[in-house]
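Data first, discussion second: the structure below is written as structure tokens.
The values are calculated or read from the model by the stated rules, or taken from the named source; none is laboratory data. Here the structure is a predicted model, which means the values were calculated and not measured. A quick note on method: Cβ atoms are made from the backbone with ideal geometry, for glycine too, and the neighbour counts reach across all protein chains shown. Ligands, DNA and RNA are stripped out before the accessible areas are found, and what is left, the full protein with its side chains, is counted by its heavy atoms. Shrake-Rupley method; radii C 1.70, N 1.55, O 1.52, S 1.80 Å.
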Amino acid sequence: MHSGTFLTQFILEEQRSIPNATGDFTGLLNDIVTACKTISHLVNRGGLIDILGTAGTENVQGEGQKKLDVISNEVMVKSLEWTGHLAAMASEEVEGIISIPNQYPKGKYLLLFDPLDGSSNIDVNISVGTIFSILRCPDGVPEPTEKDFLQPGTQQVCAGFCIYGPTTMMVLTTGHGVNGFTLDQDIGEFILTHPNMTIPKDTGEFAINMSNQRFWEAPVQRYIEECIQGKEGPRGKNFNMRWVASMVAEVYRILTRGGIFMYPWDSRDPSKPGRLRLMYEANPMSFIVEQAGGASSTSQQRILEVEPEGIHQRVPVILGSKNEVERVVAYHKEA
Ligand code: AHG
Ligand code: MN
Ligand code: MN
């Protein structure tokens, strides 16, 4: 028997502590939980059903879609459009915003999501996940348009991700710290297993795609070079490297034992200001990381303060253990 708190109970108790809460937000979170359980189930079935491999299509970002990208997107949309908690949605896999069909009531929240993060890893059986960000729909807007979504990350009501790894876990923040829940597959419920997750201020572990090294700017070159020099270098200590190429796995590791994750600006394609997308990757992850005591920056400013210009906009990302992120930012200032 479990003695732990169920995610449903946890959300409900948080709601009770907010005066005048209507239960809409609790309802929305429960809907997202249900969608993630469905995706978790499908990811776990893998090669047993015909869902691996490429879909043969491209998304708006010109990236090849995996079958599971398309299926996970469909699960999110179909699980959330009818419940009456959302005014509209936006997804990595869909160019414009996703309206709520007319036959369903509209709610007061906007949801942005990356239905399957790290999907280039899906066929090799490495952790993938779903990332989401919840915003309030501006007052008096019956039919939201893209511009209603363009709110800075500081406006997020809630952010979370579900990681489909050796265990399926949901990690959430509503601005009061970060909590982690593990899916008990037997009973189909998420149980609070990692209350109050915090990121150590210092770390000896970095994550960056080293194959892009020749395209980085000088401050990033300097930081990584100093890590690699280890005990004999200016840092006077050895560093370890991890790179999963799946942001959910990277952020989860950092929440567990610290570290720094970087997908910085690089000169590969000057039209792209970064690899990761602000609204459904960088913002929700930054909210979580800051709530856990870490830091998150573009190198020039706090990610959460970036004024968005488009739902699929990209940004440079440097996040994780506070002292290391601040060091990278300082190297940029010095340059
Ligand atoms: P997605 O699968 O949603 O497109 O996102 C993948 C992201 C992120 O998870 C990861 O950090 C990064 O892309 C890896 O990119 P590269 O392999 O191109 O360096
Ligand atoms: Mn992604
Ligand atoms: Mn994705």
Any idea how far apart LEU48 and PHE215 come out in nm if each label point goes 7 Å out from Cα toward Cβ?
-> 3.9 nm
How far is helix 24-45 tilted off the main Cα axis of the chain, in degrees rounded to 10, range 0 to 90?
-> 70 degrees
Quickly estimate the mean residue ellipticity at 222 nm for the chain, helices only: each DSSP H run with n ≥ 4 gives -39500 (n - 2.57), and the total goes over all residues, rounded to 500.
-> -9000 deg cm²/dmol
Antiparallel bridges, percent of DSSP beta bridges restricted to the chain (to nearest 5) | 85 percent
Are any of the pairs LYS78/LYS106; LYS67/LYS106; LYS108/LYS147 more than 18 Å apart by Cα-Cα distance, and if so, which?
-> LYS67/LYS106
With Cα coordinates, the longest principal axis of the chain makes an angle with the long axis of helix 7-16, in degrees rounded to 10, of 80 degrees
Per DSSP, loop GluC sites (Glu not before Pro) in region 282-312 with at most 15 further Cβ within 10 Å = GLU309
Could you work out how far helix 322-334 tilts from the main Cα principal axis of the chain, as a 0 to 90 degree angle to the nearest 10?
-> 60 degrees
Mean separation of Cα contacts under 8 Å (at least 6 apart) over the residue count of region 183-335, i.e. the relative contact order in percent, is 29 percent
Mean accessible surface per residue for region 55-164, computed with a 1.4 Å probe while every protein chain stays in place, in Å² = 38 Å²
